[in-house]
1. Does residue 317 satisfy being of a type in the set (Gly, Ala, Ser), within 23 Å of the chain's Cα centre (by Cα) and at pLDDT 90 or above?
2. Would you please name the residue that is surrounded by the most Cβ atoms within 10 Å (Cβ to Cβ), looking only at residues in segment 261-286 that are over 23 Å from residue 118 (Cα atoms) and basic (Lys, Arg)?
3. Could you look through segment 228-256, keep only residues that are charged (D, E, K, R) and part of a strand (DSSP E or B), and pick out the one that is surrounded by the fewest Cβ atoms within 10 Å (Cβ to Cβ)?
4. From the set of residues in segment 108-132 that are part of a loop (DSSP other than H, G, I, E, B) and in contact with a strand residue (DSSP E or B) (Cβ under 8 Å, 6 or more places away or on another chain), which is nearest to residue 291 (Cα to Cα)?
5. Given 110, 82, 92, which one is over 25 Å from residue 308 (Cα atoms) and modelled with pLDDT of 90 or more?
6. For segment 76-120, name all the residues that are over 20 Å from residue 34 (Cβ atoms), acidic (Asp, Glu) and surrounded by fewer than 21 Cβ atoms within 10 Å (Cβ to Cβ).
7. Being touching a Pro at 6+ places or on another chain (Cβ under 8 Å) and modelled with pLDDT of 90 or more is the filter here, so list the residues in segment 336-355 that pass it.
8. Suppose we filter segment 135-166 for residues that are out of contact with any His (no Cβ under 6 Å at 6 or more places or on another chain), in a strand (DSSP E or B) and modelled with pLDDT of 85 or more; how many remain?
Amino acid sequence: MLAILCALAWLLTAGGSVSQAKRVVLGFRTDIQPFSFQAQVKDKVKDKANAANPDKPMPYLGFVADLCYEIFDNSGYDIVQVPVEATKRFPVMRRPPGEKRMERANGEEVDVLCDATTVRLDDKERIEAGVFSPIIFVSGISYLSRSIRNFEDIEVGYVENSTAERVAKEACTVDVLRVSTKDTTAICRIQKDRECILERLPFDPKAPRRESLSLSERAQQVPDYVLCPKPDHDALIQWFCSDNGHDKIYFGDRDIILAKLMDWQTRGHPCKGYRDAGRSFTYEPYALLISKADPELIAFVQRRVYELFSHRAGAEALFNKWFPGQSMSEPLAWLFVLNGVAEQGELLSGPKEYFIETPPEPNQQPAK
């Protein structure tokens, strides 16, 4: 009898019962270290997000991924985990009854997007896809560059349909690398095949070869900026670090592009001669995106975000786990304070202990 009473008490604490458990589909990005990325086989850890099957591995890692697992830990929800692509993350969100269904992630419509999604009220696709949770992180667009100074066209890479796209195009129009002269102005053009195989003029055998031109003659041939949209950050870092004879600029959220570079180098791949812009140029507030089809789920996720940030020690431990040795920016530090709406010892649903594990690989700064 005592065992039965204990089991009932646990179910009430968890916020439901076996018969009341609701199915929720979480969509995870696989390419945005240190926020949400695909774990390697050796990196799989114990999954506390599904209490019914504690030995099930958590296939996704990162600050946002961990936060999603914490939200649904002992929640009474039965979670399903699916990967989502950067270019299809909004169409796969579950729609309210009567709204047209667009796409699915691995055959599933996503209820909560566990992604570093920037809150943008001017983006119709995001606003129609779901409702934003409270802000969970603050970053900003920055860039890395590689230059070999050969006066060829400059490739500008970014994830298509992201907030970095607008900044990349603005950087192109203002000539961020200062290649224009008083007589010649660099122009921007897009390479639609994503491969940045530059469209050249027909070969003229009578024209002097570039290597035979003097420096002053080369200087008159101002390179263009060629916009190179890519499907995700995995494709971007491979493109950026490859040596194809062109200058390159890699735009993205600062925390992501630095983490991608570090991961690329720690896996033994070279990326020589890069430069870090050293600062962010925009304000990028991240939030989880929740399907409009379930108002109860929206309220639950919003409440849990506040509860988790109110557990200040756990929230800071989660930051230190994925950003070891780093200090929070001033906006991020204020976010952690403002989201802590309850006293740590008096959380809305009782005490909460974070599940903090050591990351699979050290997140050290890349060596220059």
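The values are calculated or read from the model by the stated rules, or taken from the named source; none is laboratory data. Because the structure is a prediction, the values reported are computed rather than measured. In this analysis, Cβ positions are derived from the backbone assuming ideal geometry, glycine residues included, and neighbour counts consider all displayed protein chains.
1. Criteria met by residue 317.
2. Filtering segment 261-286 for residues that are over 23 Å from residue 118 (Cα atoms) and basic (Lys, Arg), the one surrounded by the most Cβ atoms within 10 Å (Cβ to Cβ) comes out as 275.
3. It comes out as 247.
4. Within segment 108-132, the match that is nearest to residue 291 (Cα to Cα) is 111.
5. Among 110, 82, 92, only 92 is over 25 Å from residue 308 (Cα atoms) and modelled with pLDDT of 90 or more.
6. The answer is 78, 99, 103, 108, 109.
7. Residue satisfying the conditions is 339 alone.
8. Summing the residues that are out of contact with any His (no Cβ under 6 Å at 6 or more places or on another chain), in a strand (DSSP E or B) and modelled with pLDDT of 85 or more in segment 135-166 gives 13.
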